[in-house]
Amino acid sequence: MKFKITLFFLIFFPLLVCSQSITGKIIDAETKEPLPYANIVLLSKNKGVTTNEEGLYSFDIKGETKDFLLISYLGYTTQKISLKQFLGTVNNELNIELSENSSMIDEVVLHVKKAKYTSSKKIGVDKQLFKFGVSVPFGFEQCVLIKNPSFQEGKVNELVLFLKKRENQQYEVLPTFFRVKFYEYDVRYKRPGKLLSYEQIILKPENKTQKVRVDLKEYYIKYPKEGICVGIETFNPIKRRDSKTMYLTSPCLRFTYDKEPLTWQSYKDKAWEKNERKLRSKVFGKVKYNYSNPMIQMKVQFRK
């Protein structure tokens, strides 16, 4: 009998130790509708998942029960949940309701609608030295400042992204979705500030090299005189079989090298970090640096 009990623990105890997860659904607190592509991330690590189109998710929390979950969705109040309640458990269910975040967005949209504008003009980060594709891991958002050359308010009519197909024989290449966001530029802290739109703009491009145009006329997005920060979040809600293996995302954003570092990055709506990837060169004995920024263009109209 003692042998049988020992054998039971030898077989099943490792399974209990190795398997610990939470699954559930994220919904709107008022309408009870699912929230597709919401972010679930650990507070202390860059580890998280994205809900699928039905708002469903599954997250491995083995060894993470001393941490907290951050649940975020564009236009909704972020929730922080302790994982201590799951200490010693195996498979758990956690359904979450998020409430819409009341803000001044509606007033901003109305302000943009009422104004009169000049004809459309093209601005953005254009190719400088050369352009190259960068595979951004899922969950990361690249945010680039598009300066305002006129220092006059306007509105954004169109966004243009430059994408490159990736092929690799060594690593798995996974299809990519993009979520587009727009922020004010916080002059005081020199980083992306408040959101300018709560619209869910999701792109599911084909895996090929292409120029993608996004019509934004119906969103009435303000173009502040200090410039606008355009965020491109890379994600895919399909759960990977082995999250520890290396992979590449495709298509990927095209970058170029410029004189200024204009880019920040964030993991699933966490704090911004300055991206100062740079290229060192020497011209006539003088050292110069150029910084990598995503190639993003826009069509805007300025207020009369």
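The values are calculated or read from the model by the stated rules, or taken from the named source; none is laboratory data. The structure presented is a predicted model; accordingly, all values stated were derived computationally and were not measured. Quick reminder, even Gly has a Cβ in these numbers, built from the backbone with ideal geometry, and neighbours come from all protein chains shown. SASA here: full protein model, heavy atoms, side chains in, ligands and nucleic acids out. Shrake-Rupley method; radii C 1.70, N 1.55, O 1.52, S 1.80 Å.
Between Glu93 and Lys304, what is the FRET efficiency for a Förster distance of 51 Å, r being their Cβ-Cβ separation, to the nearest 0.05? Efficiency for this residue pair is about 0.35. Figure note: Asp215, Asp269, Asp186 ranked by solvent-accessible area, largest first, 1.4 Å probe, ligands and nucleic acids not counted: Asp215, Asp269, Asp186. The slack in the chain from Asn168 to Glu33, taken as 0.36 nm per residue of separation less the alpha-carbon distance, amounts to 44.7 nm. Separation of segment 145-166 from segment 237-304 is 14 Å, based on Cα centroids.
Label separation (Lys131 vs Glu107): 4.0 nm, computed from points 7 Å beyond Cα along the C-beta direction.
Backbone phi angles across segment 281-293, fed through the Karplus curve with coefficients 6.51, -1.76 and 1.60 (θ = phi - 60°), yield HN-Hα couplings of 9, 10, 10, 6, x, 9, 7, 10, 10, 10, 10, 7, 9 Hz in residue order; Gly and Pro are listed as x. Histogrammed with a bin width of 20 Å, the alpha carbon distances of the chain distribute as 29, 53, 15, 3, 0 percent, first bin at zero.
Candidate cross-link partners of Lys62 among the aspartates and glutamates, defined by an alpha-carbon separation under 19 Å and a same-chain spacing of 8 or more, comprise Glu93, Asp242. For segment 14-148, the solvent-accessible area of protein heavy atoms averages 53 Å² per residue (probe radius 1.4 Å; ligands and nucleic acids excluded). Kindly express, to the nearest 10 degrees and within the range 0 to 90, the angle between helix 2-18's C-alpha long axis and the longest C-alpha principal axis of the chain. It works out to around 10 degrees. In the full protein context, segment 248-302 carries 49 Å² of accessible surface per residue, based on a 1.4 Å probe and ignoring ligands, DNA and RNA. Taking 17 Å as the straight-line reach from the Cα of Lys165, the lysines in range (excluding those fewer than 8 positions away in the same chain) are Lys131, Lys204, Lys208, Lys211.
Computing FRET efficiency as 1/(1 + (r/R0)^6) for Gln152 and Asp215, where r is the C-beta to C-beta distance and R0 is 22 Å, gives about 0.45. Residue-wise HN-Hα couplings along segment 158-169, as the Karplus relation 6.51 cos²θ - 1.76 cosθ + 1.60 with θ = phi - 60° gives them from phi, are 8, 10, 10, 10, 10, 10, 10, 6, 10, 10, 7, 8 Hz; Gly and Pro carry x. Ignoring any ligand, DNA or RNA, what whole percent of the accessible area of the chain comes from carbon and sulfur when the probe is 1.4 angstrom? Its accessible area is 52 percent carbon and sulfur atoms.
Pairs from the table (Lys32/Lys181; Lys127/Lys217; Lys114/Lys268; Lys45/Lys121; Lys122/Lys190) lying more than 32 angstrom apart at Cα are Lys114/Lys268; Lys45/Lys121. Each 5 Å bin from zero up to the one holding the largest Cα-Cα distance in segment 182-304 carries the following percent of pairs: 2, 8, 14, 18, 20, 17, 11, 7, 3, 1, 0. Using θ = phi - 60° in the Karplus curve 6.51 cos²θ - 1.76 cosθ + 1.60, the 3J(HN,Hα) couplings for segment 224-236 round to x, 5, 7, x, 10, 9, 9, x, 10, 8, 9, 7, 7 Hz; x is entered for Gly and Pro.
Sorted largest first by accessible area at a 1.4 angstrom probe radius, with every protein chain in place, the residues Ser135, Ser102, Ser44, Ser266 fall in the order Ser102, Ser44, Ser135, Ser266. Compute the angle between helix 105-114 and the longest alpha-carbon principal axis of the chain, please, reported from 0 to 90 degrees and rounded to the nearest 10. So the inclination is approximately 20 degrees.
Each Cα pair under 8 Å and six or more residues apart adds its separation to the average, and for the chain the resulting relative contact order is 23 percent. Counting only DSSP H runs of at least 4 residues, each contributing -39500 (n - 2.57), and dividing by the residue count of the chain, the helix-based mean residue ellipticity at 222 nm comes to -3000 deg cm²/dmol. By how many nm would the segment from Arg240 to Lys62 grow when fully extended, if each residue of separation counts as 0.36 nm and the alpha-carbon distance is taken off? Between Arg240 and Lys62, full extension yields 62.4 nm more. A DSSP coil position with no more than 13 other Cβ atoms inside 10 Å describes the following trypsin sites (Lys or Arg not before Pro) in segment 140-216: Arg188, Lys190, Lys208.
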